[in-house]
Amino acid sequence: GMLQENQPDLTLETVSESSFNIGLESGLVIGFKSSDSLGNAAGGGLVGAWNCLDEETSFTLTVTGKDAAVVQLRFNRLINNFECSHD
């Protein structure tokens with residue numbers, strides 16, 4: 001919702017949903033595509049969300065772009081280098 005509100009000239013459509021892990025914690029990622037008012041493809045992205053239960057902190061990550069492969073690569077690099085502290 002917030003992403004759509006910040007880009008009123010684009011229409012966002014969910015195209016995928018899956019889970020992922022950050023260490024022992026699980027998260028959810030939603031893929032979307034965007035189109036302009038004429039229906040032309042404008043790009044897309046991934047929105048991920050997860051909780052670090054030990055820290056009682058929630059995180060979200062949004063990665064956008066025109067190339068789906070690059071978006072996926074960037075998202076994976078970021079979450080693969082993220083860690084919830086488990087002291």
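Numbers for the structure displayed
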{"quantity": "Average accessible area per residue (Å²) across the chain - probe 1.4 Å, nucleic acids and ligands excluded", "calculated": "70"}
{"quantity": "Over the chain: helical MRE at 222 nm, DSSP H runs n ≥ 4 each giving -39500 (n - 2.57), nearest 500", "calculated": "-5500 deg cm²/dmol"}
{"quantity": "Using alpha-carbon coordinates, inclination of helix 68-80 to the longest axis of the chain, degrees", "calculated": "20"}
{"quantity": "Apportionment of accessible area to carbon and sulfur, the range 40-87, percent (1.4 Å)", "calculated": "48"}
{"quantity": "5 angstrom amide H check on GLY43, placed H, neighbours 5+ away", "calculated": "SER34"}
{"quantity": "For the chain, projected area of the alpha-carbon convex hull averaged over all directions, nm²", "calculated": "5.9"}
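The values are calculated or read from the model by the stated rules, or taken from the named source; none is laboratory data. Computed from a predicted model, the values in this text were never measured in an experiment. Ligands, DNA and RNA are stripped out before the accessible areas are found, and what is left, the full protein with its side chains, is counted by its heavy atoms. Shrake-Rupley method; radii C 1.70, N 1.55, O 1.52, S 1.80 Å.
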